[in-house]
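Below: one structure, written as structure tokens.
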């Protein structure tokens with residue numbers, strides 16, 4: 001939800017209830033601490049920035065050794081905005097005027113509360129569908145007791161598991177954060193869905209959260225995890241060293257058409273922290289389910305599995321050849337006859353060229369890796385004639401291409417075309 005005030009009476013009622021239950025940052029912190037204590041054995045507490053950031057991750061009820069790898073509750077405190085006189089220059093990055101925040105999630109929706117320097121509630125916003133904070137407000141209203149205690153019970157009854165299928169087995173301490181380990185395992189499985197010969201039936205698939213090299217799929221969850229642990233013990237995957245992006249000189253930036261100011265930002269170094277060395281025992285394991293592929297023939301040649309940001313599987317039609325990869329979602333196939341896809345994409349390209357949207361690319365600095373792959377995303381919509389037509393909604397060029405770049409979020413309900421630049 002945007003920061004403008006909602007006119008929906010249900011939103012207004014939800015805000016009123018939340019303001020009653022959590023009017024101050026002291027109450028917000030108390031809610032976090034109460035739930036952290038209540039779910040000490042069913043959750044993992046992660047502290048950052050000297051304890052100013054506190055995240056609580058729930059364990060999966062069906063598989064308690066695994067985490068639901070997106071935060072359930074996040075409490076944070078920041079410094080107040082410094083006072084500036086009218087003649088002082090505005091800072092490039094200005095801190096929030098409301099330095100304390102509490103974010104509660106059920107996996108699909110979030111409720112965020114922001115508190116000012118005096119600790120008083122100033123903003124209440126939500127992300128995603130309104131159903132979650134309506135549920136919290138209704139639970140507090142119907143209980144007709146202490147608003148704070150009733151809200152604690154309502155949050156305790158929610159589950160973040162509905163946010164997606166992905167899970168993470170996370171031994172502690174680990175060299176990687178929960179988010180980083182989940183991301184590495186997710187990308188490895190995304191690539192494996194295209195590059196490995198996986199069974200067409202429903203599967204559990206597991207991958208290490210260091211290098212994504214120990215990948216195992218099996219119809220049974222316990223077997224997939226056991227085989228993945230064996231592969232980890234055998235291969236001993238290790239985190240890959242991070243690559244720093246090459247810095248462009250002012251001359252190279254000018255070649256790319258950039259004439260503005262260049263700002264370089266470097267995060268603080270935490271040299272005082274003892275490094276955690278990776279080993280077999282602290283290797284995280286990413287885990288999710290893969291849906292069975294359709295038994296009917298694919299209109300493009302094959303069926304493939306895509307995983308969204310939460311590890312949930314989506315089935316798409318695909319065609320791969322020496323030119324590149326074509327992906328079509330079920331929604332696109334329902335609107336556009338598969339036999340007309342290539343012609344429709346060609347017409348969309350020609351329209352964009354006619355409007356000057358596909359001018360020749362500007363010179364690319366020789367010091368950078370060449371751009372070898374180009375991706376187009378197409379929406380399928382109805383033309384005035386009533387026929388389905390494709391329209392380019394995004395395009396990009398990159399030095400390399402990995403199948404992990406193809407996600408349900410990037411494709412939407414349309415078509416993705418990737419081609420190698422010859």
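The values are calculated or read from the model by the stated rules, or taken from the named source; none is laboratory data. This is a predicted model, so every value here is computed, not measured. For neighbour counting, all protein chains shown are included, and Cβ atoms are generated from backbone atoms with ideal geometry for every residue, glycine included.
I'd like to know if segment 317-328 contains one or more residues that are surrounded by fewer than 14 Cβ atoms within 10 Å (Cβ to Cβ), in contact with a strand residue (DSSP E or B) (Cβ under 9 Å, 6 or more places away or on another chain), closer than 30 Å to residue 164 by Cα and assigned by TED's automatic domain parsing to the domain that holds residue 408. No, that holds for no residue.
Does segment 390-400 contain at least one residue that is part of a loop (DSSP other than H, G, I, E, B), closer than 30 Å to residue 164 by Cα and outside the structural domain of residue 189 (by TED's automatic domain parsing)?
The answer is yes; a qualifying residue exists.
Is it true that residue 344 is in a helix (DSSP H, G or I), over 21 Å from residue 420 (Cβ atoms) and free of Cβ contacts under 8 Å to residues at least 60 places away in the same chain? Criteria met by residue 344. Return the residues of segment 144-170 that are within 15 Å of residue 30 (Cβ to Cβ), surrounded by fewer than 17 Cβ atoms within 10 Å (Cβ to Cβ) and either assigned by TED's automatic domain parsing to the domain that holds residue 307 or under 27 Å from the mean Cα position of the chain (by Cα) (or both); say none if nothing qualifies. Within segment 144-170, 156 is the sole residue that qualifies. Scanning segment 135-149 for residues that are over 21 Å from residue 43 (Cβ atoms) and either at pLDDT 85 or above or not in a helix (DSSP H, G or I) (or both) yields 137, 138, 140, 144, 145, 146, 147.
Please verify whether segment 239-248 includes one or more residues that are at pLDDT 70 or above and more than 30 Å from residue 63 (Cβ to Cβ). Looking through segment 239-248, at least one residue is at pLDDT 70 or above and more than 30 Å from residue 63 (Cβ to Cβ). Counting only strands (runs of 3 or more DSSP E) wholly contained in segment 13-79, the ones carrying 2 or more residues that are farther than 25 Å from residue 171 by Cβ occupy 73-77. Looking across 61, 66, 37, one residue alone is at pLDDT 90 or above, surrounded by fewer than 16 Cβ atoms within 10 Å (Cβ to Cβ) and within 30 Å of residue 208 (Cβ to Cβ). It is 61.
Please verify whether segment 121-133 includes one or more residues that are without any contact (Cβ under 8 Å) to a residue 24 or more places away in the chain, in the same structural domain as residue 54 (by TED's automatic domain parsing) and part of a strand (DSSP E or B).
The answer is no, given that none of the residues of segment 121-133 is without any contact (Cβ under 8 Å) to a residue 24 or more places away in the chain, in the same structural domain as residue 54 (by TED's automatic domain parsing) and part of a strand (DSSP E or B).
Does residue 381 satisfy being part of a strand (DSSP E or B) and surrounded by fewer than 17 Cβ atoms within 10 Å (Cβ to Cβ)? Here the answer is yes, as residue 381 does meet what is asked.
The residues on offer are 371, 345, and the sole one that is in the same structural domain as residue 327 (by TED's automatic domain parsing), more than 24 Å from residue 412 (Cα to Cα), under 30 Å from the mean Cα position of the chain (by Cα) and modelled with pLDDT of 75 or more is 371. Entry remark, segment 203-232: residues being loosely packed, with under 15 Cβ neighbours inside 10 Å and at pLDDT below 95 number 0 in total. Give 22, 18, 47, 31 a once-over and let me know the one that is out of contact with any helix residue (DSSP H, G or I) (no Cβ under 8 Å at 6 or more places or on another chain) and either surrounded by fewer than 18 Cβ atoms within 10 Å (Cβ to Cβ) or not assigned by TED's automatic domain parsing to the domain that holds residue 179 (or both). Exactly one of 22, 18, 47, 31 is out of contact with any helix residue (DSSP H, G or I) (no Cβ under 8 Å at 6 or more places or on another chain) and either surrounded by fewer than 18 Cβ atoms within 10 Å (Cβ to Cβ) or not assigned by TED's automatic domain parsing to the domain that holds residue 179 (or both), namely 47. So is residue 310 under 28 Å from residue 195 (Cβ atoms) and either in a loop (DSSP other than H, G, I, E, B) or in contact with a helix residue (DSSP H, G or I) (Cβ under 7 Å, 6 or more places away or on another chain) (or both) or not? Here the answer is yes, as residue 310 does meet what is asked.
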